Amino acid sequence: MRQLDDVAAQLHPLGGDQMRVANCFEGQRFTQGVIALTAQTSPAKQIAHQEADLLCYVISGTGRLRSGTTDLPLKQGTLCHIPAHVSHDFQATGDRELVLLFTLVEAPAAPAP
């Protein structure tokens, strides 16, 4: 079992100073961790996880999830699912960090044609 305070102490920068991440658990088919984002002036570049679905739960803060041209508001308690191959990015919108618990789950293989 991990405590959130312990995980917060392990957050390290990822791709600049607006995003910090810490992996908490890694299994054969999943990775779980915490991402903390600070507000930024310009939108982040969208990414897609090619081999994994992404589940995120908002622990604290406010923000938005952008997928393609669709923006979805995020606040504490929001749960979201982003399927493998879907482009997306997150952005903090408040005066506090947007803190997400994430789980990357290996997507099932596509059926053979």
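In table form, for the structure just shown:
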item	result
Backbone N within the stretch 44-70 under 13 Å of label point (7 Å from H85 Cα along the Cβ vector)	49-53
Exposure proxy ranking, count of Cβ atoms within 10 Å, fewest first, for F30, F90	F30, F90
Rounded D (µm²/s) - the chain, Kirkwood Rh over Cα pairs, Stokes-Einstein at 4 °C, 1.567 mPa s	89
Residue order, fewest to most surrounding Cβ atoms within 10 angstrom, among D95, D53	D95, D53
Placed amide H near S60: partners under 5 Å, 5+ positions off or other chain	V99
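FYI, it's all coordinate maths here, none of it is from the lab. Source: prediction; values computed, not measured. Cβ atoms come from the backbone with ideal geometry, glycine included; neighbour counts cover every protein chain shown.
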